[in-house]
Amino acid sequence: MLIDLRSFLIIFSLLGIIIAGSLTVYSVTSIDAFYFVRFLLITLISIILVSLFFNYVNLNRVLSAGWLLLVLNLALVLSVEIFGKEINGSKRWLDFGFLSLQPSEFMKISYALFVIQYLRFFNFKFNIFRSFLLLSILFLTAAPIIIQPDLGTGLIYILSGLMLLFICGMRRIYFILMGLSAILLSPVIYNFFLTDYQRGRIISWFSTNQSLSEKWNILQSEISIGSGGLFGDGFLNSKQNEFNFLPEADTDFIFSIFAEQFGYVGVVIVLFLLTVFVILSMIVVMQQKRLTTDMSPYYLGTYFTFIIGFSFLMNVLMVSGLIPVVGLPLPFFTKGGSSLLCFSIMLGLIFSSRGFLRG
Amino acid sequence: MDNRSFFRGRTIFLTFIFLALIVIVLFRFFYLQVINGDELKELREKNINTFEYVYPKRGRIISKDGFVLAEDRKIFSIAVNLNVKPNEQAIEKLISIFPNKIENQYVKDIVEKSIKTGNQEVVVSKLNQQELSKFLVRSNELEGFSVIENYERIYDPHPSIFHVLGHMGYLSERDKTYFKSRIDQYTPSLWRRVGKSGVERIYEEQLRGKHGKRFFLRNARGQKKVEIGKEDFIEGSDLNISINFNAQKKAYDLLNGRKGSIVVIDLRDFSIPVAVSAPSISANDLRDISSKEYQALLNDTKRPLFNRAFMGLYPPGSTIKPFFTIFALSNSYTNWQEQIYDDGFFRFAESGRVFNAWREGGHGLTNLNKALVESSNPFFMNLATRYEKDSFTDFLDSGSFGKRLCVDCWPHQFSPLISDQWKTKNFGSRLFRGDLVNMGVGQGYLSVTPLHLALISAMIAKKGDYEIPYLVQKEQDIQQLNFDLTEEDWKQLHESLTQVIYSRNGTGIRIQPGDMKLAGKTGTAQVKSINSKEEYDDLRENEEFRDHAMFIGFAPYDEPRYAISVVIENGEWGGSVAGPVARDVLLEVFNAD
């Protein structure tokens, strides 16, 4: 299979992001150089293997198992309550010995596969019943994640699902109505449905009082980012990380450590690569010459591309203090197995959707 | 509508949102990294760079005869090293080195506490040389523990010196207020232990020195990581105090367990070579005292923590007579010729009250000289009936009643200045003539501290001129008694006080000072007001109600160099109990000259 320029650029930008991510993960954990090489290899191999797997498997086959995958995934999410291990007061992880998985991460994929499978029967025509059905399933499946409690993953899941329905063509009026009711209901949700921990995160974002520990985290994150300056302090020179001033430096706040080491220039390069990846993927998807009656590959490709793009931007907006912090991993900047596996699957599905289109 | 173009529209919409967010993020990072970069970097440096103070070595306190009375001694302790958490083997190893001092659970608790607070908590304190080397030899097996150095205040253990030196203790709110008004730019947060009393407190600023600093990089939990530099401390200055330690010890030992006080003033410069308050303790005992033991000391009926020399108020008894002689002569209330008949009683015409004198049968015909030498109460009571209240108060005022009596004694008590206002304030009525009669023989409202008694003795020895006594630093202004006495009168007064010791009838004949040339006045101060000798015999069954034995004196009488006061509580006899003590103390003081 010949690789054209666009595909090359897409793969090149992805590779750039993955290398930047691996370097940063290594600098945060910094065990030894061998560890870095091993980590990079594992990341690349797992991405390639998973991508190839999904590229190889007929997308139709995957899609026809959509509802089953959603049910299985939901069962895993629920089983966390029983078998899961607790970290930071919330049970999210299933421990498989060699790898801990967070089943809720995969709900974004399962739900998408289910929705596409369902809508395919109706040629992606929405009516009131289908809209309500899909929305209800989205909110109902989000409930156990939020209860875990993992408000961040739950919210991201809901937003992802809504984006998918938006891409698939659900009528605009639903989104407007949902937006309005979310604003109207937010005080009720804040007072009755959130835990103290979650409220603390929200309060800290609006408060100017620096002594709140949540605000402190964001301040430390901004200090890390700002200390990088234009060109950064250099690879492996993050003092904020060395002296443990930045909490969760290896997960949620990893981009701040990246910014401290590589400066504004590094940030611009990574964001540029991300933009190249997203825009080129979109162009590839939309400029498919051959019209097909089945739109599912378009929807899937677009959906996963934007999931990666927006996940990245949301995380960066959080660590730079523009939106409240909820636990959201940065794509390819994490040593967390679930996140890596999840994004690998997404990439595989993106690639397979294009292969599918190409016929 | 065609699915595809509909889909394209929505995709473009999302792409625009994506690009808009990219632009926002780029602006945000530009703001943080390029515009605010330096400021945030400074915050990061503040995060990481920190320092801790190194406590300075406090100055020594040295006696006039060259004894080091207080000094900081370096001590080595083993503390939890915050960089590494000690493991089970290291803890066991440590216990095997100090088997009798520590046990497993204790060490573990301290390790936990250290990690929690971020302080290097001490596991074993005050290592001796042998223990230190034992630890150092095995230090590679003792990861998680390290040796830290600091200072401990060591005092000469003799209890005589405690009240003068004072002691150190943890800084309290009251100390903060005290030092804030006395020390420029006082920063209480730097000091954990400060002088609580005595010269340790007064001379805190000179003694304490200046902190050093140790700079290091630290992590967010405050655990020390890398030391990157240091600044040495400046030692506190040594303090030379006027105490003659040999005489001081001798004086304390002479009191031999009795409650009392001895103060000597050097008449050449008004420094204080001896200031003893007994009973006392060693300041070393207060260093690591438990609150229970401290409470026991506070509740001790002998009050060992109370500095009698500077704080104890005693009726001066007959020892005040020479002082009032100056007052009476300078106001011409009497002269050396006037005689009265002393039959052992004084009948106070104004109230019809009869005062019983100490000597049965009285002294017969008595003039001023005889009244001093044999200590006639009726003579001085009779004299006191002539005193004019206001000039009496003026005279007391010129003799430092109601004023500071020492430049650098702490704590310190005034002797009350008796006046109409004083009595009105305390007893609700003005002074009666009867009050003056009582005070004329050193009883009633009159009370003085032993330091003041010694100073009064000094005033007499120096013929009315005196200075405020001191332990370390002299104050330059000279005080003067309000008197108008001829040189003849002074000579006669000194002569009478010499006869107290050397004449056959003198109350101090038992003192036998040899060739020291001692002049003085004995006194016996009533603890309870009584009317007859029989009443006293009943009273003295209870030791607490026995009279105080008092003595003031100076020597040599022809060229006075030292003035002394001795107060022995419930000692009963000024001449035979307090006098000989004064003699022996002065002998020791003269030895040093």
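The values are calculated or read from the model by the stated rules, or taken from the named source; none is laboratory data. Everything quoted here is computed from the prediction, not taken from an experiment. Note that each Cβ is placed from the backbone with ideal geometry, even for glycine, and that neighbours are counted across all protein chains shown.
Computed values, structure above
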{"item": "Restricting the stretch B:33-64 to residues that are charged (D, E, K, R) and over 44 Å from the mean Cα position of the chain (by Cα), the residue that is farthest from residue B:206 (Cα to Cα)", "result": "B:38"}
{"item": "Complete set of residues in the stretch A:243-262 that are more than 22 Å from residue A:15 (Cβ to Cβ), within 10 Å of chain B (Cβ to nearest Cβ) and surrounded by 19 or more Cβ atoms within 10 Å (Cβ to Cβ)", "result": "A:243, A:245, A:246, A:256, A:260"}
{"item": "Filtered residues of the stretch B:122-147 (kept if among the aromatic types (Phe, Trp, Tyr) and assigned to a helix (DSSP H, G or I))", "result": "B:135"}
{"item": "Residue within the stretch A:230-237 that is of a type outside the set (Ser, Thr, Tyr), crowded, with 21+ Cβ neighbours inside 10 Å and in contact with a helix residue (DSSP H, G or I) (Cβ under 6 Å, 6 or more places away or on another chain) present", "result": "yes"}
{"item": "Members of the stretch B:43-96 that are β-branched (Val, Ile, Thr) and over 30 Å from residue B:274 (Cβ atoms)", "result": "B:48, B:50, B:54, B:75, B:78, B:80, B:84, B:91, B:95"}
{"item": "Residue match in the stretch B:7-28 (condition: buried (at least 18 other Cβ atoms within 10 Å of the Cβ), within 7 Å of chain A (Cβ to nearest Cβ), in contact with a helix residue (DSSP H, G or I) (Cβ under 7 Å, 6 or more places away or on another chain) and at pLDDT below 85)", "result": "yes"}
{"item": "Residue B:476, sole failed condition from (1) within 30 Å of residue B:203 (Cα to Cα); (2) buried (at least 16 other Cβ atoms within 10 Å of the Cβ)", "result": "(2)"}
{"item": "Count of the stretch A:305-335 residues which are assigned to a helix (DSSP H, G or I) and among the aliphatic types (A, V, I, L, M)", "result": "8"}
{"item": "Per-region count, the stretch B:277-318, residues outside the structural domain of residue B:407 (by TED's automatic domain parsing), touching a strand residue (DSSP E or B) at 6+ places or on another chain (Cβ under 8 Å) and of a type in the set (Lys, Arg)", "result": "1"}
{"item": "Failed item, numbered, when residue B:591 is tested on (1) in contact with a Pro (Cβ under 9 Å, 6 or more places away or on another chain); (2) more than 22 Å from residue B:444 (Cα to Cα); (3) not aliphatic (A, V, I, L, M)", "result": "(1)"}
{"item": "Of residues in the stretch B:102-121 being free of Cβ contacts under 8 Å to residues at least 40 places away in the same chain, part of a loop (DSSP other than H, G, I, E, B) and over 35 Å from the mean Cα position of the chain (by Cα), the one surrounded by the fewest Cβ atoms within 10 Å (Cβ to Cβ)", "result": "B:103"}
{"item": "Scope the stretch B:154-199; condition over 21 Å from residue B:262 (Cα atoms) and assigned to a helix (DSSP H, G or I); matching residues", "result": "B:173, B:174, B:175, B:176, B:177, B:178, B:179, B:180, B:188, B:189, B:190"}
{"item": "Residues within the stretch B:334-366 that are closer than 18 Å to residue B:318 by Cβ and buried (at least 17 other Cβ atoms within 10 Å of the Cβ), tallied", "result": "12"}
{"item": "Odd one out for residue A:126, checked against (1) surrounded by 11 or more Cβ atoms within 10 Å (Cβ to Cβ); (2) away from chain B (no Cβ under 14 Å); (3) under 20 Å from residue A:66 (Cβ atoms); (4) of a type in the set (A, V, I, L, M, F, W, C)", "result": "(2)"}
{"item": "Flag if residue B:57 is outside the structural domain of residue B:148 (by TED's automatic domain parsing) and either surrounded by 21 or more Cβ atoms within 10 Å (Cβ to Cβ) or free of Cβ contacts under 8 Å to residues at least 40 places away in the same chain (or both)", "result": "no"}
{"item": "Top-ranked residue of the stretch A:294-322 - restricted to ones that are at the interface with chain B (Cβ under 9 Å from one of its Cβ atoms) and more than 28 Å from residue A:221 (Cβ to Cβ), ranked as modelled with the highest pLDDT", "result": "A:302"}
{"item": "Selection status of residue A:276, part of a helix (DSSP H, G or I), surrounded by 18 or more Cβ atoms within 10 Å (Cβ to Cβ), at pLDDT 80 or above and at the interface with chain B (Cβ under 10 Å from one of its Cβ atoms)", "result": "no"}
{"item": "Unique residue being within 11 Å of chain B (Cβ to nearest Cβ), surrounded by fewer than 21 Cβ atoms within 10 Å (Cβ to Cβ) and either part of a helix (DSSP H, G or I) or touching a helix residue (DSSP H, G or I) at 6+ places or on another chain (Cβ under 9 Å) (or both) when the list is A:270, A:265, A:285", "result": "A:265"}
{"item": "Hits in the stretch B:563-593 (condition: of a type in the set (Ser, Thr, Tyr) and touching a Leu at 6+ places or on another chain (Cβ under 6 Å))", "result": "B:565"}
{"item": "Some residue of the stretch A:104-123 being at pLDDT below 90, assigned to a helix (DSSP H, G or I), of a type in the set (A, V, I, L, M, F, W, C) and surrounded by fewer than 12 Cβ atoms within 10 Å (Cβ to Cβ)", "result": "yes"}
{"item": "Test: residue in the stretch B:420-437 that is among the polar types (S, T, N, Q) and buried (at least 18 other Cβ atoms within 10 Å of the Cβ)", "result": "no"}
{"item": "Test result for residue A:333, within 30 Å of residue B:42 (Cα to Cα) and more than 9 Å from every other protein chain (Cβ to nearest Cβ)", "result": "yes"}
{"item": "Selection within the stretch B:29-38 - facing chain A (nearest Cβ under 7 Å) and surrounded by fewer than 20 Cβ atoms within 10 Å (Cβ to Cβ)", "result": "B:30, B:34, B:36"}
{"item": "Residues of the stretch B:353-404 satisfying the condition of being of a type in the set (Phe, Trp, Tyr), in a loop (DSSP other than H, G, I, E, B) and without any contact (Cβ under 8 Å) to a residue 60 or more places away in the chain", "result": "B:401"}
{"item": "Residue B:497 being part of a loop (DSSP other than H, G, I, E, B) and either among the hydroxyl-bearing types (Ser, Thr, Tyr) or in contact with a Leu (Cβ under 9 Å, 6 or more places away or on another chain) (or both)", "result": "no"}
{"item": "Unique match (being among the aliphatic types (A, V, I, L, M), outside any helix (DSSP H, G or I) and modelled with pLDDT of 80 or more) among A:163, A:178, A:170", "result": "A:170"}
{"item": "Meets criteria (assigned to a loop (DSSP other than H, G, I, E, B), at pLDDT 95 or above and in contact with a helix residue (DSSP H, G or I) (Cβ under 8 Å, 6 or more places away or on another chain)) for residue B:262", "result": "no"}
